[in-house]
Structures are given as C-alpha cells and as structure tokens.
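One structure is given below, encoded as structure tokens.
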Amino acid sequence: MSLVVLGLSHHGAPLSLLESVALDPDARTALEQAVLRSEHVTEAVVVSTCNRTEVYAECLTFHGALADITAALADTCSVDRADLQPHLFVHYEDRAIAHVFNVASGLDSMAVGEAQILGQVRRSLARAQRHGHVGPALNTVLQQALRVAKRVHTETGIDLVSGSLVQAGLARAQAALGPIGDLSVLVVGAGGMGALAAATVARSGARTVVVANRNHDRARTVADRVGGTSRHLADLGAALVEADVVISSTGAPGQVITADDVRRAVAARSGRPQVYIDLALPHDIDLAVADLPATTRVGLAELGEDLSDAGSAPQVAQAGDLVTAEVAAYLMARSAEAVAPTVTALRSHAGALVEEELHRLERRTPGLSDAERAEVRRAVERVVDKLLHTPTVRVKELAQDGQGGSYARALNELFDLDPRDVSLVSAPPTLPEED
C-alpha cells in the first residue's frame, strides 16, 4: 500500500476556488467517507484550512485511487471536475510523506512557520480516528508529522519569523490608521482563528478588544481570556460603529458583514476610517466593502503577498533542514521495517532446518553424550549464523538506500520462504502516543 496526497492550496489555486472547497468538520468527514467507498483506498484523512484542502489516503492502487479521490472531492464540494483538475496537486509515497511533514510544521503555509496548522492537523487526525477512517499507516505518518512539527517549533527559531495572518493584518491596519494602542478592535468569531486573533490583538496593545460571536458564552470566554469584552452577534451593527479595526473569521457558509452593514457604520462614525480584515474562507466580509469610502478591506490574497518574503529567512532554512532529516530518518526506518519480516522468516526457516537435522542426528547416533550433542548443536548453529550473516546485513543496508524490497523478494525466492511465514511476522508498527 502507498500514501497519496491530493489537494489544492494557496500555492496554485485561486482563492475563489479555495472558497468553494473549504470544508467544515462535518463535510470533511463526509469527504473521507466518500473516498473510503473506493475499492482502491483503505484509509483517509481530510485537512481543510483557510488556504488548503487536502486528502491524505492510503491506497492499494495509485491511478484508481487518484480518479476516485478527485471525483469524491468534486462531488462533495459541488465543483465541476474540469474547474478543479488544473489546480490539483498530487504527491505519492516519499514526496507525500515529505509534504505531510512540511504542512504540519508550517513550512507550506501562507504564513510560513505559523503554529496554528499543527493544531488543525491534530484535530483532523483525531476526528478521522473517531470515525474509524484511519488505520496503522496514516496514524503512523501523521503522528510522526506532529512530533516533527513540535520539534520545529521548540528547537528552531521559526517562531521568530512566522508572522501570522493576524499580525500581517494588524500591520496593514496601523499603516492606514496609526498606532495599535490608539485603536479599538472588534473580532468577529470565537473559534480557533478568532481566539488567536483576539490574543494577538490584546498582546499587541490595542486600546480595546471586543469579541462578537453567535454563541455568546464562547465570545465571553475568549474575551475574558484576553481582558476584553464580549458582544452578541445580534449587536453586530452597534459593534461595527465602535470599532476602528474589524477582524472576522467565523467559518460561516455565507457573508457575515455586508456592504450595507459597513455603509451604515461609516455613516454613524461620521466618516472616520475603518479597516476590515477578512481571515475567513469562504470570506465573511462582502468584497464590495473595498469600494466604500473611508474603509479598507484586507483579505487573504493581500495578506499572502505581505508574508511572501518570510520563506527566505535563515530560521526557515533551519526548520527545513530539520524536517528533511526527519523525513529521511522516517523513510529509512520504514524501509527497515519492510524487510524485517523477511529477515525474521529467513532465520526462523533456518532454525527449523537446524532442529530437523539435529533430531535426525539424535536418532542415528544414540550413543552421543549430552556434552557431545551440545557441541554439535553449537557447531551447526555457528555455521548457520555465518551463512545468514551476510544476507541479513546486506538486506538491512539496502533497505536504508531504499532498495531492500527487491533484495527481500530475492531472499524469499532463493530460500523458498513460505509467504504465510512472512505474513505471520509482519505486524503494524507501534504507534507513538498521541499528544
């Protein structure tokens, strides 16, 4: 079986298309279920964020899985395959594993090095686990990717350069309106991104922080955590009037802030300027807001441009080196695991032959003493160990170079190993503990 990654991201797909394929948790589960109906796929996990939607799948056949995953993605998102196809990327096996490690570590993000993706991948895996959509293969890859991502953030300086989307938005706001300490900020939405936005705004020293959310208890919790105040989403109109900066990220399927909402706020503010920062996909804030007087609308496209230079920082190179080394180590360990059953079966086969011959010798030489029989056993076992030493060492060395599979198959043929014996010593790898 092999790992396949298929998806779209900010690297090659327009935001309008990314909006069409942005999936909430229920839709991600539905997509996994659709993918798993394929006879070519055994495990599946969907990761969907504001700048990517990707399917990680363990597959029996490559081309069959690719066709079925593409069809499932198009159907689930109600997007024509002809519109989807030109923007899809596909990674297979080694490249797929490297991609998963880089995504979890934030090295493939729009805001390079951002830590939020780590939690998003963890939650995606946990959700897929609850629904029984993953098994040993994807569990192992994703758990390892999460472990590597934690190393990246604790052992490199990536956090020093990982300017978040929120920070980039605040930089735009300050350029238009002045110091953050003089500004009132309204955060619309109290989910993961909303909570991050509220914390970032408070840490930056905003004059006031207000959190508005459909679930007011959730808004109050986030606001209390950062020393701000909370509002019901029903009070959005009044909250817009009071805010200099509005940051929205709700995950709602449609617009949350319309052009008419902003037009009324501008009139009530007597034309005092505002900045609207839209971190949602699909977008929360009407695109027409950008054309209104005294308002600036900033979306993911603009923020992506602002953050595009972060990838050249030396801290990013350091993190990339760590991930590359971890990918190489993982692939080497996996290759060794792949040949281990053959090595074990070979030695088991040899051991059975030794016992068979010693038993025959015992019948033919009843006069041997126990000491003599022990010496014969040691001699035979030494001969067998010496004969097996070179092929055993060689198959492990070749496994490290990615060539162990063909050598293991040759051993199976040369020594006539029973496939059932090999399968009996094949077991799923031990999974690391979850965070």
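A short reminder: the numbers here are calculations on the coordinates, not readings from a lab. Everything numeric here is computed off the predicted structure, so don't read it as measured data. Cβ atoms come from the backbone with ideal geometry, glycine included; neighbour counts cover every protein chain shown.
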Restricting everything to alpha-carbon atoms, can you work out Rg to Rh for the range 2-160 with a Kirkwood hydrodynamic radius? 0.94
Once each part is reduced to its C-alpha centroid, what is the distance from the range 60-98 to the range 106-133 in angstrom? 19 Å
Descending semi-axes in Å of the range 207-305, equivalent ellipsoid built from Cα gyration tensor: 21, 16, 13
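What order do you get for 153, 63, 131, 99 when you list them from fewest to most C-beta neighbours inside 10 Å?
On the way: 153 18, 63 9, 131 13, 99 24.
In increasing order of surrounding Cβ atoms, one gets 63, 131, 153, 99.
Give me Rg over Rh for the range 101-226, both radii from the alpha carbons and Rh done the Kirkwood way, two decimal places. All intermediate terms of the calculation are to be shown ahead of the outcome.
Values: Rg = 17.1 Å, Rh = 16.2 Å.
Using only Cα positions, Rg/Rh for the range 101-226 is 1.05.
Sum -39500 (n - 2.57) across every DSSP H segment of at least 4 residues in the chain, then divide by the residue count to get the 222 nm mean residue ellipticity, nearest 500. Numbers along the way, then the final one.
Details: 17 runs with 245 residues, N = 435.
Value at 222 nm, helices only, nearest 500: -18500 deg cm²/dmol.
Taking square-rooted eigenvalues a ≥ b ≥ c of the alpha carbon gyration tensor, is the range 47-92 rounded, prolate or oblate, where a/c under 1.5 means rounded and, failing that, a/b exceeding b/c means prolate? Each step should come with its number before you reach the end.
Values: a/c = 1.74, a/b = 1.26, b/c = 1.38.
Oblate shape, in that a/c is at least 1.5 and b/c is the bigger or equal ratio.
Hey, can you rank 226-236, 246-256 by average C-beta count inside 10 Å, highest first?
Working: 226-236: 16.5, 246-256: 21.1.
Those peptides, ordered most packed to least, come out 246-256, 226-236.
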About the Cα centre, charge dipole magnitude for the chain (Lys/Arg +1, Asp/Glu -1 at Cβ), debye: 740 debye
In Å and whole numbers, how far do the C-alpha atoms of the chain stretch along each principal axis, longest first? 113, 42, 39
Please give me the summed charge of the neighbours of residue 372: other residues whose Cβ is under 14 Å from its Cβ, Lys and Arg +1, Asp and Glu -1. +1
For the range 46-139, what is the largest minus smallest coordinate of the Cα atoms on each principal axis, given in angstrom and ordered from greatest to least? 33, 30, 26
Mean separation of Cα pairs under 8 Å and 6+ residues apart, divided by the residue count of the chain: what relative contact order is that in percent? 14 percent
In the range 250-335, if every C-alpha pair distance is counted and binned at 10 Å from zero, what percent goes to each bin? 15, 29, 20, 16, 13, 6, 1
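How high is the relative contact order of the range 102-227? Use alpha-carbon pairs under 8 Å, at least six apart in sequence, and give a whole percent. Please report the intermediate quantities before stating the final value.
Values: 137 pairs, mean separation 24.5, N = 126.
Once normalised by length, the contact order is 19 percent.
How high is the relative contact order of the range 14-66, in percent, with contacts defined as C-alpha pairs under 8 Å that are six or more residues apart?
Numbers: 66 pairs, mean separation 17.8, N = 53.
Worked out over the range 14-66, it gives 34 percent.
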